Amino acid sequence: MPDELVKWQNVESILREQLQRSSVKEIRTPIIEMTELFERGIGEATDVVAKEMYTFLDRGKRSCTLRPEGTASVVRAIINNGLSNNLYQKLWYMGPMFRYERPQAGRQRQFHQLGVEYIGSNSPRSDVELITLAWDILQKLGIENLNLEINSLGDMEDRKNYQNSFIEWLESNYNLLDIDSQNRVKKNPLRILDTKNIETQNLLKNAPILLDFLSQKSLDRYEFIKENLDLLKIPFIENVKLVRGLDYYTHTAFEITSGDLGSQATVCGGGRYDNLIKQIGGNDTPAIGFAIGLERLMLLAGKNLEIKKNIDIYIINKGLCAEALAHKLSRKLRQFDVITEIDISGSSISKQFKKANKCKAKCIIVIGEEEAMNNQFKIRLFSKENDKEKIINYDDNDSLEKWLKNIFPIYSTEI
């Protein structure tokens with residue numbers, strides 16, 4: 001609704017400013033994609049693909065899906081446009097995503113995400129820069145009680161070695177797992193690390209740890225990221241069970257949560273996906289990205305973002321000639337970049353004054369039939385110090401401009 005959208009627009013404006021300052025460029029992708037893209041990119045065994053996608057056949061009997069996330073669509077767009085072998089690219093997107101899941105505070109079936117993708121660099125410096133950008137964006141929005149959790153998933157070989165050992169441990173403890181975790185043992189075992197079942201969480205304390213299976217190269221990379229986050233004074237917690245919900249992640253995985261959100265605490269999540277672009281059909285191109293849920297941002301963003309810009313000028317008018325002049329004047333004033341509201345109710349002058357008061361307009365313009373016949377209008381400020389009326393001729397642009405400069409210092413002078 002309009003009043004809610006003021007906050008959305010203010011948040012989006014801050015996001016765009018921060019991204020522009022970091023030299024990140026916008027990309028826009030379709031809301032509908034071929035289902036195969038998400039099956040190949042996200043992973044058929046993930047909850048997103050298996051349970052949550054809105055998938056349907058179009059008239060050509062092709063399987064289509066409303067996008068459940070943005071990364072796969074960005075990768076597809078890069079491949080289709082022959083950009084997967086280009087130099088380092090920093091891209092962002094913002095828009096609606098769709099997942100069939102139980103709606104709750106901060107989580108809807110149509111939700112909105114800001115996503116950022118750094119494509120073309122395998123340097124851990126890009127990981128540090130991306131995490132820093134996410135952290136700074138949330139702080140710029142005035143969000144408090146933030147916690148950054150990080151982990152390393154290692155490369156594909158590290159992950160494979162760990163997964164083999166983890167599956168062996170899971171099978172030996174199969175009867176002690178909750179039903180959902182039992183179903184994941186063969187399909188997507190690493191997702192068991194994210195279980196919300198308390199008994200399974202306690203059981204996992206004795207499970208193999210992913211960090212123990214990382215190669216020295218992966219460990220050195222992870223250590224570099226932690227050292228640089230310390231250098232930048234960005235606090236973090238190591239979470240050895242953090243794996244994220246999508247199959248394409250390698251090496252760095254991270255989440256930023258807020259203690260003010262309750263059970264749905266994750267505000268931002270992301271990680272590195274060095275194999276995804278090649279997996280979907282592009283060149284062997286490293287990449288890392290994150291996504292921020294905008295609905296949750298709206299729950300957390302400070303009250304100062306709700307401030308609405310009030311109407312600058314409210315035009316009161318009564319009579320046919322007055323109405324005609326009011327329409328001409330409102331058009332002229334809007335060309336001066338002032339927010340102008342014209343009363344078209346035709347109600348009494350006193351009722352129009354009450355409406356102008358309710359709108360909290362900075363000043364009012366009154367046009368009656370007598371003023372209209374003389375091609376004039378009266379200006380009155382809503383201020384005890386400025387309760388005198390000023391009469392200006394419609395064609396006297398110099399007087400109008402002088403008055404606007406006194407009342408509204410910043411506006412366009414071009415008519």
Subset tally (residues that are under 14 Å from Ala253 (Cβ atoms) and among the polar types (S, T, N, Q)) for segment 139-181
2
In segment 377-387, is there at least one residue being more than 30 Å from Val6 (Cβ to Cβ), assigned to a helix (DSSP H, G or I), of a type outside the set (S, T, N, Q) and at pLDDT 85 or above?
no
Would you call Glu33 at pLDDT 95 or above, surrounded by 17 or more Cβ atoms within 10 Å (Cβ to Cβ) and either of a type in the set (Asp, Glu) or part of a loop (DSSP other than H, G, I, E, B) (or both)?
yes
Just give me the residues in segment 206-261 being over 28 Å from the mean Cα position of the chain (by Cα) and either within 30 Å of Tyr174 (Cα to Cα) or buried (at least 20 other Cβ atoms within 10 Å of the Cβ) (or both), in sequence order.
Asn206, Ala207, Pro208, Ile209, Leu210, Leu211, Asp212, Phe213, Leu214, Ser215, Ser218, Arg221
Search result, residues across segment 228-242 that are among the acidic types (Asp, Glu) and either under 20 Å from Asp212 (Cα atoms) or outside the structural domain of Ser126 (by TED's automatic domain parsing) (or both):
Glu238
If we keep only residues of segment 126-150 that are of a type in the set (S, T, N, Q) and farther than 22 Å from Leu219 by Cβ, then the residue surrounded by the most Cβ atoms within 10 Å (Cβ to Cβ) is Asn147
Restricting segment 153-184 to residues that are of a type in the set (Ser, Thr, Tyr) and buried (at least 18 other Cβ atoms within 10 Å of the Cβ), the residue that is nearest to Pro208 (Cα to Cα)
Tyr162
Would you check if there is a residue in segment 278-285 being closer than 20 Å to Ile150 by Cα, among the β-branched types (Val, Ile, Thr) and outside any loop (DSSP other than H, G, I, E, B)?
no
Residue in segment 82-97 that is surrounded by the most Cβ atoms within 10 Å (Cβ to Cβ), counting only those that are at pLDDT 95 or above and more than 16 Å from Gln18 (Cα to Cα):
Met97
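The values are calculated or read from the model by the stated rules, or taken from the named source; none is laboratory data. These numbers come from a predicted model, not from an experiment. Because the Cβ atoms are built from the backbone with ideal geometry, glycine has one as well, and the counts that use them run over all protein chains shown.
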